[in-house]
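Okay, structure first, notes after.
The values are calculated or read from the model by the stated rules, or taken from the named source; none is laboratory data. Here the structure is a predicted model, which is why all the values come from computation and not from measurement. With ideal geometry, Cβ positions are generated from the backbone for all residues, glycine too; neighbour counts draw on all protein chains shown.
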Amino acid sequence: MRLRMTVMAGMATLAGSLGLYPLFEKAGWFWAGFGAVLAVAGGGLLARRLRVPALLDLLFGLVALLLYLNLVYASDRAWLVFIPSPDSVHHLGELAGDGWQAANRYAAPVPLLPGIAMLAAAGIGLVAVLVDLLAVRMRRTALAGLPLLAMYSVPAAVREDGVGWFAFGAGALGFLALLMSDAREQVGGWGRTVTTRRRPREVPMAGARPGPGEPVDPPDASALAASGRRIAAGAVAVAVLLPAAVPGLQPRGVFGLGGGSGQGTQTVTTPDPLVSLKRELTRLDDSVVLSYTSSDPEGSGYLRLYALDRFDGDRWTYSPLKSSSKDRVTGDRKLPAPPGLSVAPVHEVTTKVHVRREVRNMTFLPVPYAPSKVSIKGDWRVHPDSLMVYSLRDSAGGRSFTVKSLRAKPTAGQLASAGAYPADIVSHYTAVPKNVPQQIWKLASDVTSGSATALSQAVRLQQWFTVNGGFTYDLSAPAPQHGSDLVDFLLHSKRGYCEQYAAAMALMARILGIPSRVAMGYTPGSEVKPGEWVVHSRDAHAWPELYFEGSGWVRFEPTPAGAAGQGTAVAPGYSQPAVSNGGGQENEAAPSPDSTSPADGATESPGAGAHHRNDEGPGGDATAQDADQGGVSPVPWLAGALLVLLLMGVPMALRMVARRRRWAALIPRPSSSPGPAARTRAQASDPAGAAHAAWREMRADALDHGFDWRASDSPRAAARRLGELLELDAAGARALTRIARAEELARYSRGRVPEPAERLRADVRTVRESFAASVGRRARWRARLLPPSTMAQTRAALRTAADRVLDVTARVNELPSRLRLRFRRR
Amino acid sequence: MAVGTHGESFMETDPPASHSARRGGGGHDGAERDAAGHGLDGLAQVANKIRDAVESVIEGKPAVVRLALTVLLAEGHLLIEDVPGVGKTMLAKALARSIDCSVRRVQFTPDLLPSDITGVSAYNQELREFEFKPGPVFANIVVGDEINRASPKTQSALLECMEERQVTVDGTTYVLEPPFMVISTQNPVEMEGTYPLPEAQRDRFTARISMGYPDPAAEMEMLDTHGEASPLDRLTPVAHAADVRGLIDVVRRQHVSQAVRQYAIDLVSATRRHPELRLGASPRATLHLVRAARAYAALDDRDYVVPDDVQDLAVPVLAHRLLPTAEAQVERRRPEQVVADLVKRLPVPSPGR
């Protein structure tokens, strides 16, 4: 049995390790982990065979793991192939260090370098040691779920899209199987069950031995297993359904594991670029990210890392990059030509960039648009459409590289007279998700009303964001998570930083039919010496790029620049209405006098960094943020509260309706029965009904006030018991007796007429007062507001339903054994 | 023919005037009709008199006396089971003596024969024919003392009479005159020298009651009264056999509503399904239960039966017919407890919603 548990523990670990698959490029790690689990299980078995204490058990597992790793990864340096020598251990340590570095360098999925494979094997092996110790040795199987969960949480944390259902299901099933076999063993220790609930089994005579042919029954726990299965199914159902039912808990957030995880191993994914943007912007130490020299006499352009071309309704991301080796950039190979750039004047710029060593995980190169040639060591690739330069395994940290780029200088006239967009650009870059609310569509057309050309629309938009839209640059605004945050930014709060501005403008441009995308990277930074620039982490920036045929992708700058905005942001000349003399219609867009001054003022001032540090300090505007969060519309809350009140009122209302209905049928209203004859007839028609009604009413009252009501009590027994529980005065006691006697006569006597309905109704009222008088205040209020008697009916209905369900499940549970019996008979 | 050789003579009062073969049960006289005419009031009057008389002998046991009276009015037979010396025989004799009717007492012993109960045909030399000598069973009230000391053969002779209210000897059937009631006493079956009654025979007794020890006050009073003379000697009949027949007639006309009948059936069938019982109660038990409930209600001066009657009677009427399973026996669960639990759990049928 110990062997069985050991095997189950190993299987559970392996099944849990399946969840790691999105982390690696190839599948070889699994076999490394498999070997580690085998070794650990062997060590555990040996330890238990030797009956060493539990702590030594742990040691045995660790030693087995070490031996295994040593054998696989350092056998050439070990004594006698497998005994670890100092040399081999040192080698293992080096391997581990390499693996650690590699793991930090690459984004998942990482290539399966020996170091990484060893780390994976060691990690899986450690989990196996813990699971083995907890589940098999210490018999704390439930606790063994923690190491398994830790293993599962690695891919869940690293991969933004989480782990697929399959991997999760495999891990969970492995753990469940481990739990089950442990429970089975424990239950089996109590011997076999004699009877099940549904079907008494034959009890073998004492001392009866199974014949030679008959199989010996293992400890039979099927009845318990059946209830275990029921509980498990119930728990899973609750876990799946409850978050969906609780407002505020997004089931997508809880179960968003699926996605397209695990597809092509060469798909490039990084942690959300926009998340890192916010992080960089709010860093306390405004550290230097990179420095560069630019040959551009007109001052450098923006350095772009990413081009986010896809708006999924919530945020901007880039489409998965299908990377292949032909995309590699080499020193002498020219990059693809920038799309759409044909008319605008172009000059070539050479930029020499040095990225600081401290910068980690910069897998996309900051390059000025549009790069035409990149010289850098390592495996760097280019995305032909967006000209993003990225690496699958290298980071730009500490590297220097040279970029030759083509800087377009379109004039406003060229942009205004741009021709029609190519079809592929339109289809790819103007897609707007369906869930973008209508207000934004309306807003976009309102803001740009009267503009004919795409350029004038874009200029209007930028103008609206920077000048007359009433927006405030606020770095403390929360990073937008959902489409609704964007709506809130545009329509209500109007507070945000470059991310919101860029995202909103790109979205509105798409709504207007202008192809757009969001670019992310750095502003030019500060020029420390002529031609030498330094970029700090707070120069991180996002901006929209709009497509104009003939000029290609053109940068716009909706984010306020200068002291009250992104310090080093520069609005390009063509986007300024003041200097744009393009179409005649644009002149009517009256340029405000101060529209250019902040931008100009801050553009090339070396001290800009100092300026914006003050403004964007993390202590910035906490109150504003609070106000924003507190300003959530109260309507849903009010509606919710109203709903809760209504729901709470339901039992009370039901009770009142029930009471009224009971009597209404019996006591004729004076208006409806004018003559005394009719009245007596109505009464005489159903005296038993009146007694029953009084009785039921009193029963409901008793239940409401928390008195026990036994179904096995006859009327007189119930009245006697109530009389003992209550401290009744003489009138109350008489009323109680009368009601009970009326009910008794109505039920059991032949032709005896009980009390008239009016009398009984008065009696019921008297007794109810006695009930109320003899319970506490809480019970009294509960009787009024949440009368339990209304629940009795519901509960009874539920109980029969539950019984039926139990019946069905019991039958289902018996199915396997019945089938087994049938087979055995054959 | 010496029937009464063992112990006391089984004839304690005068034998009834005559027992003729095939005498029908139709001979109702005026007094009987009178009592029937009075209905419940008359019944209560007579019943109270009998009760008072018995209670003057059996002190501090009103419930037991009431049960005994119930069985009498329900045309049933009573089994009194208890340890020796608590007044079983006294109760039987007191009940018998407070009614002016024929009473016979049979002391059951291991060598008692069936013919000692039913009677024999003896050859009359003068008339040169066989003549039937009725046994002690030909009486209105038969007190069978220590019935479980006789052999099963003899027990069954009595039990046949109990169920069919007739005796068949040598092919001739003799109908017993109503009221006919057997009051048997028995010692607990665990005691030495006893043949436990088979289930089939226990089933014929309407109710089994146990006397229980008297409380100290009642015992003290008993010492006082028994000091001088047996109180039984002072007891004089307070009712005629005809009165009792009238009462029985009233009881038969008691109304038992559908709900109560349903309740009785529910209760009895619950014993058949109960996991702790190997043998449940028979349909005869249902009959006895409802019949006893009628009498019980009548004694309570009611002309209809309520479930409370059934509940009160469930243990004495049902418990002695049930056999617990081996597991229940190991757990020392007595059928009495099982029935009491059932009564506590079984819902009383209530009309509609």
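Looking at the structure I just gave you, is A:A54 surrounded by fewer than 20 Cβ atoms within 10 Å (Cβ to Cβ) and either more than 36 Å from the chain's Cα centre (by Cα) or on the phi < 0 side of the Ramachandran plot (or both)? Yes: the conditions hold for A:A54.
Scanning segment A:692-701 for residues that are within 14 Å of another protein chain (Cβ to nearest Cβ) and in contact (Cβ under 8 Å) with a residue 60 or more places away in the chain, we see that the one that is surrounded by the fewest Cβ atoms within 10 Å (Cβ to Cβ) is A:R699. Quick check: anything in segment B:117-140 among the acidic types (D, E) and in contact (Cβ under 8 Å) with a residue 60 or more places away in the chain? Scanning segment B:117-140, I find no residue that is among the acidic types (D, E) and in contact (Cβ under 8 Å) with a residue 60 or more places away in the chain, so the answer is no.
What do you reckon, is A:A27 among the small types (G, A, S) and either free of Cβ contacts under 8 Å to residues at least 24 places away in the same chain or touching a strand residue (DSSP E or B) at 6+ places or on another chain (Cβ under 8 Å) (or both)? Yes: the conditions hold for A:A27.
Among the residues of this structure, A:L20 does not count as one that is part of a helix (DSSP H, G or I), surrounded by fewer than 17 Cβ atoms within 10 Å (Cβ to Cβ) and at pLDDT below 85. Where helices (runs of 4 or more DSSP H) fall entirely within segment B:293-353, those with at least 1 residues that are among the β-branched types (V, I, T) and within 11 Å of chain A (Cβ to nearest Cβ) are at B:307-318, B:335-345.
Filtered by the rule that a residue be surrounded by 23 or more Cβ atoms within 10 Å (Cβ to Cβ) and of a type in the set (F, W, Y), segment B:99-137 gives a lone residue, B:F108. For segment B:154-177, a residue qualifies if it is small (G, A, S), without any contact (Cβ under 8 Å) to a residue 24 or more places away in the chain and in a helix (DSSP H, G or I), but none of them does. Considering (1) within 26 Å of A:L387 (Cα to Cα); (2) touching a residue at least 24 places away in the same chain (Cβ under 8 Å); (3) not assigned by TED's automatic domain parsing to the domain that holds A:V353, the lone condition that A:A423 does not fulfil carries the number (2). Filtering segment A:425-460 to residues that are over 34 Å from the mean Cα position of the chain (by Cα) and part of a helix (DSSP H, G or I) leaves A:S445, A:D446, A:V447, A:A454, A:L455, A:S456, A:Q457, A:A458, A:V459, A:R460. The residues on offer are A:A458, A:A431, A:A418, A:A503, and the sole one that is surrounded by fewer than 20 Cβ atoms within 10 Å (Cβ to Cβ) and not assigned by TED's automatic domain parsing to the domain that holds A:Y306 is A:A431. Reported count of residues in segment A:515-533, each being aliphatic (A, V, I, L, M) and modelled with pLDDT of 85 or more, is 2. Counting only residues that are assigned to a loop (DSSP other than H, G, I, E, B) and within 14 Å of chain B (Cβ to nearest Cβ), segment A:718-730 holds 0 of them.
Segment B:6-107 holds helices (runs of 4 or more DSSP H) entirely within its bounds, and those carrying 3 or more residues that are at pLDDT below 85 map to B:30-38, B:40-55, B:88-98. Could we say that A:F82 is in the same structural domain as A:L133 (by TED's automatic domain parsing), more than 19 Å from A:M151 (Cβ to Cβ) and either touching a strand residue (DSSP E or B) at 6+ places or on another chain (Cβ under 7 Å) or among the aromatic types (F, W, Y) (or both) here? When the stated conditions are applied, A:F82 passes them. When A:P22 is tested against the conditions (1) closer than 19 Å to A:A156 by Cα; (2) without any contact (Cβ under 8 Å) to a residue 24 or more places away in the chain, the lone failure is (2).
Can you confirm whether segment B:290-312 contains a residue that is in contact (Cβ under 8 Å) with a residue 24 or more places away in the chain, surrounded by fewer than 24 Cβ atoms within 10 Å (Cβ to Cβ) and farther than 27 Å from A:A719 by Cα? For segment B:290-312, residues in contact (Cβ under 8 Å) with a residue 24 or more places away in the chain, surrounded by fewer than 24 Cβ atoms within 10 Å (Cβ to Cβ) and farther than 27 Å from A:A719 by Cα: absent. When segment A:743-757 is filtered for residues that are at the interface with chain B (Cβ under 7 Å from one of its Cβ atoms) and not in a helix (DSSP H, G or I), the ones remaining, listed by number, are A:S749, A:R750. A single entry from A:S537, A:S526 fulfils the requirement of being more than 33 Å from the chain's Cα centre (by Cα), farther than 21 Å from A:L406 by Cβ and either among the aromatic types (F, W, Y) or surrounded by fewer than 24 Cβ atoms within 10 Å (Cβ to Cβ) (or both): A:S526. When segment A:760-778 is filtered for residues that are crowded, with 16+ Cβ neighbours inside 10 Å and either assigned to a helix (DSSP H, G or I) or not hydrophobic (A, V, I, L, M, F, W, C) (or both), the ones remaining, listed by number, are A:L760, A:R761, A:D763, A:V764, A:T766, A:V767, A:R768, A:S770, A:F771, A:A772, A:S774. Take the conditions (1) in contact with a Leu (Cβ under 7 Å, 6 or more places away or on another chain); (2) more than 13 Å from chain A (Cβ to nearest Cβ); (3) part of a helix (DSSP H, G or I); B:T286 misses just one of them, which is (1). Scanning segment A:49-63 for residues that are out of contact with any Lys or Arg (no Cβ under 8 Å at 6 or more places or on another chain) and of a type in the set (G, A, S) returns a single hit, A:G61.
Applying the set (1) surrounded by fewer than 16 Cβ atoms within 10 Å (Cβ to Cβ); (2) in a helix (DSSP H, G or I); (3) within 14 Å of another protein chain (Cβ to nearest Cβ); (4) modelled with pLDDT under 75 to A:T790 leaves exactly one unmet item: (1). All conditions in (1) under 29 Å from the mean Cα position of the chain (by Cα); (2) under 24 Å from A:L146 (Cα atoms) hold for A:V110, with the sole exception of (2).
Give the residue that is nearest to the chain's Cα centre (by Cα), with candidates limited to residues of segment A:704-717 that are away from chain B (no Cβ under 14 Å) and surrounded by 16 or more Cβ atoms within 10 Å (Cβ to Cβ).
A:D704
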